[in-house]
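The values are calculated or read from the model by the stated rules, or taken from the named source; none is laboratory data. Values in this document were obtained by computation on a predicted structure and should not be read as measured data. With ideal geometry, Cβ positions are generated from the backbone for all residues, glycine too; neighbour counts draw on all protein chains shown. Remember, those area values only see protein heavy atoms, side chains included, never the ligands or the DNA or RNA. Shrake-Rupley method; radii C 1.70, N 1.55, O 1.52, S 1.80 Å.
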Amino acid sequence: MMVTEEKIIEVINKFVGIIYAKSILKVALTRTNVDLQNQIPADKERLIRQLKLGMSVCIRDSEKQKECYDYLDKLFFPDERPPLQKHPEIMINITSESDILVARSKGRHFCKEIGFPQVMQIKIATAISELSRNIVQYAGTGRIMIKVIEDHRKGIEVTASDQGPGIHNLDEILGGQYTSKSGLGMGLLGTKNLMDEFDIITDTKQGTQIIVKKYIP
């Protein structure tokens, strides 16, 4: 079944309204470069992940998030069941400096379990530390989610989310043109350089969500 822009907007509109629905789809298509006229499974997987990323910023209630994600899964894969994950997701609540160490340790152990070489384990653990530290310093509280990805290559996906004040000068930070006294620019840019993929959505009212990925060579 061909998934059209109209059908995607119809699903998202059930949860966030037509204006946000069109905006989320536009951003997702731009970031993934997916052609809806030529849909292959890998493209659909990339697009649906980006759509869910956009929805997670607009929908804070976990039950509504799950309901929306289920709708999207059924739209894109009506006759398929998602594969069972051999390694369950890990969630770490970040509320203090001590949680940074917990997230780093669990992240590195997770990487070791799925087959990352030692050098890459350290890089990923460092990225998790930076993401966790940003949560503590700038948002106060948040969470880190870690899971296996097995699309075109096997790897790890780390999601850092918070409901803080957002990042006002994101372009300057990611362009290496800004660093705060507490090191926000260095932390985000360093994380981006350590990982293979880096996506961020930030809003002054909704907070920030960062998704990074690293693949096993």
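For Met1, the conditions (1) modelled with pLDDT of 85 or more; (2) within 19 Å of Tyr69 (Cβ to Cβ); (3) loosely packed, with under 14 Cβ neighbours inside 10 Å all hold with the exception of (1). Of all residue pairs spaced 6 or more apart or on separate chains, those with beta-carbon atoms under 6 Å, a first member in the stretch 144-157 that is over 16 Å from Asn93 (Cα atoms) and hydrophobic (A, V, I, L, M, F, W, C) and a second member that is in a strand (DSSP E or B) and open to solvent by 10 Å² or more (accessible area, probe 1.4 Å) are Ile149/Glu157; Ile156/Lys214.
Counted as qualifying within the stretch 33-147 are the helices (runs of 4 or more DSSP H) with 2 or more residues that are open to solvent by 40 Å² or more (accessible area, probe 1.4 Å), small (Gly, Ala, Ser) and out of contact with any strand residue (DSSP E or B) (no Cβ under 6 Å at 6 or more places or on another chain), namely 97-114.
Close contacts from the stretch 192-217, counting a first residue that is within 19 Å of Gln118 (Cβ to Cβ) and open to solvent by 20 Å² or more (accessible area, probe 1.4 Å) and a second that is in a strand (DSSP E or B) and among the basic types (Lys, Arg), with Cβ to Cβ under 7 Å and a gap of 6+ residues or different chains, come to Asp196/Lys213; Asp196/Lys214; Ile216/Lys154. Under the condition of being polar (S, T, N, Q) and in contact (Cβ under 8 Å) with a residue 60 or more places away in the chain, the residues counted in the stretch 18-62 number 2.
Would you call Leu29 open to solvent by 30 Å² or more (accessible area, probe 1.4 Å) and part of a helix (DSSP H, G or I)? Taking the combined requirement at face value, the residue satisfies it.
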